[in-house]
Structures are given as C-alpha cells and as structure tokens.
C-alpha cells in the first residue's frame, strides 16, 4: 500500500472512531439525565425521604418530639410552630402521626396543585366592608 492510500485509511478510521465517540457521548448524556426509577418527578416532593427523616426510631409513627427534631425546631417559637403543624396532621389526636395521616396531609400541602394557604390579613372585600 502506498503512502497516500495509507493516509486515507488512517483518516477514515479516525473519522469512524470520532463518530463512535460522539455517539457514545450523546447516549451517555441521554441516560444520565434520567432520574432513577424511585426518584419522584421534580415537581413532586419525595415524601418517603421526608417520612424517613421524621420517623427516626422506625416504629411506623412520628411523635411530636421526632417531628420537632426533623423540622430543626431549636427554639420555643420554632417548637410551637412545629407543634401547630403536627396537630394539623394528627387527625385522630392520638399524639402521633401515622403514615396515612402524613400522606393525607401531604396531598393537600405538598402537591404541585395545592394553593398557597393565606396567612391572616384582610382581603380587598373585607377592607371595603
């Protein structure tokens, strides 16, 4: 084989190798951008991770102390706020939150469709009355 045909083969082999590398890189980006199957979509919170953080003793329910600890309530105001939230979740008032109670609460407060809760204040209508 002469020098010119050899160069053509080398260029052809390099072009094929380059095209293969580009294809593999594109494929790697496609697969790496997908979250693992257990990961919730970005617009939905990971309620399992939240539950696991709260249920520190893994007994299937969350006490007020566990809830306050998970919320990072390190002063009286934060503890009182956490207690009020805890009491809203504890539908049967048995001083613990079950997973079912947490799931029910999370549907209303954590879903992307949930409307923000209004905190006090007066509406335009009430100002006019």
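Please sort 13-22, 57-66, 74-83, 95-104 by packing, taking for each peptide the average over its residues of neighbouring beta carbons within 10 angstrom, highest first.
For the peptides 13-22, 57-66, 74-83, 95-104, the packing ranking is 95-104, 57-66, 74-83, 13-22.
Across region 47-109, what fraction of all alpha-carbon pairs, as a whole percent, falls in each successive 10 Å bin from zero upward?
Going out from 0 Å in 10 Å bins, region 47-109 shows 24, 59, 17 percent.
Bear in mind that the values in this text are calculations on the coordinates, not laboratory data. Values in this document were obtained by computation on a predicted structure and should not be read as measured data. Note that each Cβ is placed from the backbone with ideal geometry, even for glycine, and that neighbours are counted across all protein chains shown.
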